[in-house]
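Following: one structure in structure tokens, then a few remarks.
FYI, it's all coordinate maths here, none of it is from the lab. In this text the structure is predicted, and so the values were computed from the model without any measurement. Don't worry about glycine lacking a Cβ; one is built from the backbone with ideal geometry, like all the others, and counts go over all protein chains shown.
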Amino acid sequence: MNEQKPTGQAIEVRGLVKRYNKEVLALDGVDLSIPANTIYALLGPNGAGKTTSISILTTLLEPTSGTAKVLGLDVVKQAGEVRGRIGVTFQEMVLDDELTGKQVLDYHGRLYGQSKAERQAKIEELLALVELEEAAGRQAKTYSGGMKRRLELARALMTTPEVLFLDEPTLGLDPQTRVRIWDHIRALKKDQGMTMLMTTHYMDEAENLADQVGIIDLGKLVAEGTPQALIEQMGADTIHVTGEGDRAGFAERVKALPFVQTVSVGRTVIQIGVDSGSRRLVEVISEAARNGFAVEDISVSKPSLGDVFLKYTGRRLRDTDGPQAPNRMNLMV
């Protein structure tokens, strides 16, 4: 266990812009500061700019303009030094299925010039960390999806990175395996003082793991803060309303009610933050009737990070993907 945790800013991004062509603006002036020994979750709909951001910070893409630094190193001018100090797991699994779990780790260590003794010690340590000791001699093609994710995490840690990038680290995994990955991530921060930038579509994952959350939409960072602070902005309770009629007019009328704290109009759902949802349902429905808005469905819940996401993006997930970063190669993981 490290006695001294790293300090300062691990990631600094200023005015980051990425254009794929004249029509597609993937990042539109993003500013980002992530302190060392922090788990930061970057959330956003498909095509919002998450993967492009990760690709620039891991030196796979060059920005159109702006600057990005990892551990004080410029990701364009000092790309080689950046690669030597970071680890990455990508959304798409990048494993040679013919290799055993142990060989995957060993070959990665060789690529980084580690001695045989150093590789062997690190492999034993990491296989124990991700609970793959018994499967170490089996080919990766025999692994389950969860085991492959854990192997990729171990591979990313072979070089003892100071900053770890996790692009959808638990995508498609069952709940039990997701929780095990969460435990590994928490341990890396606690025991090694590691900084982690992760993207995820799972709101519960961000709530459970992240010290800080950033919401990106249409290439812009639209909200940032601790999960709890962002949730508290929504009010004590959230009323969700769907219906037919003048949605904007209804929202404006509701906003004027004394017990309403926030109102957010999404593509299909109107979110109303109130002091007490169960006591205010009748008044909200009455206001809808007076405004000629026909309520089709109404419900009350405690606000969550999902509600915050819906407030800032207007939807839970986009139907289609936006511009994607180039196909990833097994360069750093």
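Helix-only arithmetic for the chain: the sum of -39500 (n - 2.57) across DSSP H runs with n ≥ 4, divided by the residue total, places the mean residue ellipticity at 222 nm at -10000 deg cm²/dmol.
What pairs in Lys69/Lys148; Lys190/Lys311; Lys69/Lys189; Lys122/Lys148; Lys50/Lys311 have C-alpha atoms more than 23 Å from each other? Beyond 23 Å between Cα atoms: Lys69/Lys148; Lys190/Lys311.
A straight Cα-to-Cα reach below 20 Å connects Lys141 with the lysines Lys102, residues fewer than 8 places away in its own chain not being considered. Between the Cα long axis of helix 116-129 and the first principal axis of the chain there is an angle of about 30°, rounded to the nearest 10. Packing here is the average count of other Cβ atoms within 10 Å per residue, and on that basis the peptides 278-291, 220-233, highest first, run 220-233, 278-291. For Cα extents along the principal axes in Å, computed directly from the structure shown, the correct entry in (1) 70, 63, 37; (2) 48, 40, 33; (3) 76, 44, 39 is (3).
Percent antiparallel among DSSP beta bridges with both residues in the chain, to the nearest 5?
Around 70 percent of the beta bridges assigned by DSSP in the chain are antiparallel ones.
May I ask you to sort His108, His201 by Cβ crowding, counting other Cβ atoms within 10 Å and putting the fewest first? Write down the numbers at each step before the final one.
Working: His108 22, His201 17.
Listing His108, His201 from fewest to most nearby Cβ atoms yields His201, His108.
The angle between the Cα long axis of helix 101-111 and the longest principal axis of the Cα atoms of the chain comes to about 70 degrees, rounded to the nearest 10. Using only Cα atoms, tell me the angle between helix 175-192 and the longest principal axis of the chain; keep it within 0 to 90° and round to the nearest 10. Between helix and principal axis, roughly 70 degrees.
Computing FRET efficiency as 1/(1 + (r/R0)^6) for Gln78 and Asn21, where r is the C-beta to C-beta distance and R0 is 25 Å, gives about 0.35.
Each Lys and Arg contributes +1 and each Asp and Glu -1, all at the Cβ; summed about the Cα centre of segment 105-168, the dipole is approximately 300 debye.
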